[in-house]
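Worksheet for the structure shown next.
The values are calculated or read from the model by the stated rules, or taken from the named source; none is laboratory data. Computed from a predicted structure; not experimentally measured. Because the Cβ atoms are built from the backbone with ideal geometry, glycine has one as well, and the counts that use them run over all protein chains shown.
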Amino acid sequence: MPAEGKSDLERIGLFSEMGYVTIGDKYVSQYMRPFNEAASKNRQMLPGGSKTLSALQEGYFEPQFVRIFDGEAYSNPVQLRRRYRLAEAKKNLGKAFLPSNGDKLPCGKGTYYGTIGGPFTYFSAQLKARERYIPPGKNFYTNPGKKGTGYGYANLTIGEQYPHEADGYELEKLIAKKAREEHKRLVKGGPFKINLYPQDYFDVNPYFNDKPLPPVKKPPPEKPIAPPFIPSSPAKKVSLSYSYWKQRMNIQIFLVKSFACST
């Protein structure tokens with residue numbers, strides 16, 4: 001295989017299989033690809049730029065304004081509106097109606113002031129005429145009415161007063177108590193118990209003991225503690241008199257003299 005150029009296998013094409021990914025063209029990066037290559041070759045058409053819509057003729061291809069329809073009549077919308085207003089004004093027979101004294105404002109709710117027809121009798125709040133009301137007669141009285149509702153007071157009803165009958169506060173409990181006492185009176189003995197009744201090997205109460213308890217030991221008598229000594233009166237302060245200071249000065253003089261003699 002030569003160092004440069006194609007090999008025999010590449011030139012002749014024997015023993016080679018076409019690739020499935022590419023056709024063999026070289027890869028060109030997207031940054032190196034030319035954009036609009038025709039714009040950079042040969043001469044280019046340079047127009048004068050875009051023109052905005054205006055009242056001038058330079059934005060059109062014709063040198064003068066040409067009508068689309070040949071022989072079309074010219075119409076002015078302002079003139080047409082003016083003619084319409086004049087034609088409508090001729091229909092008026094006279095001047096506009098103006099009231100003599102202006103509009104009347106209402107002076108309250110429900111008033112007919114300022115209206116054309118005036119008030120209506122159908123909407124009046126006055127009642128219709130009717131016969132005089134005669135109340136029915138009262139019931140006869142055998143005795144003047146007594147004040148109060150009668151609850152909790154005696155001799156306020158028409159008939160006789162009900163007799164008082166005592167009612168026990170706990171009547172059911174009293175009846176049940178009497179029934180139990182009567183039942184106990186009829187019972188001759190206690191419940192029947194046989195000796196073969198099965199019992200547990202151990203007592204139910206583990207702290208149960210048939211032996212009597214020993215006598216309670218009395219605690220030793222406590223030795224009374226002597227109360228602390230409390231003086232009858234507080235300590236007295238010693239006042240330093242003139243004799244004390246004089247004696248102290250004599251001692252100091254004696255010490256000074258003895259020190260001088262020793263030296």
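Is it the case that Tyr84 is out of contact with any His (no Cβ under 8 Å at 6 or more places or on another chain), in a loop (DSSP other than H, G, I, E, B) and either of a type outside the set (Asp, Glu) or modelled with pLDDT of 80 or more (or both)?
No.
Is segment 119-132 home to any residue that is surrounded by 10 or more Cβ atoms within 10 Å (Cβ to Cβ) and basic (Lys, Arg)?
no
Write out, first by first residue and then by second, each pair whose Cβ atoms fall under 9 Å of each other, whose residues are 6+ apart or on separate chains, and whose first residue, in segment 52-65, is without any contact (Cβ under 8 Å) to a residue 24 or more places away in the chain while the second is of a type in the set (Gly, Ala, Ser) and surrounded by 10 or more Cβ atoms within 10 Å (Cβ to Cβ).
Sorted first by the residue in segment 52-65, then by its partner, the pairs are Thr52/Gly59; Leu53/Gly59.
Looking at Ala39 and the list (1) in a loop (DSSP other than H, G, I, E, B); (2) modelled with pLDDT under 80; (3) not acidic (Asp, Glu), which single condition is not satisfied?
Ala39 satisfies every listed condition except (1).
Is there a residue in segment 59-70 that is in a loop (DSSP other than H, G, I, E, B) and either of a type in the set (Asp, Glu) or within 60 Å of the chain's Cα centre (by Cα) (or both)?
The answer is yes, given that some residue of segment 59-70 is in a loop (DSSP other than H, G, I, E, B) and either of a type in the set (Asp, Glu) or within 60 Å of the chain's Cα centre (by Cα) (or both).
Looking at the structure I just gave you, is Leu171 over 30 Å from Asn143 (Cα atoms), at pLDDT 85 or above and among the hydrophobic types (A, V, I, L, M, F, W, C)?
Yes.
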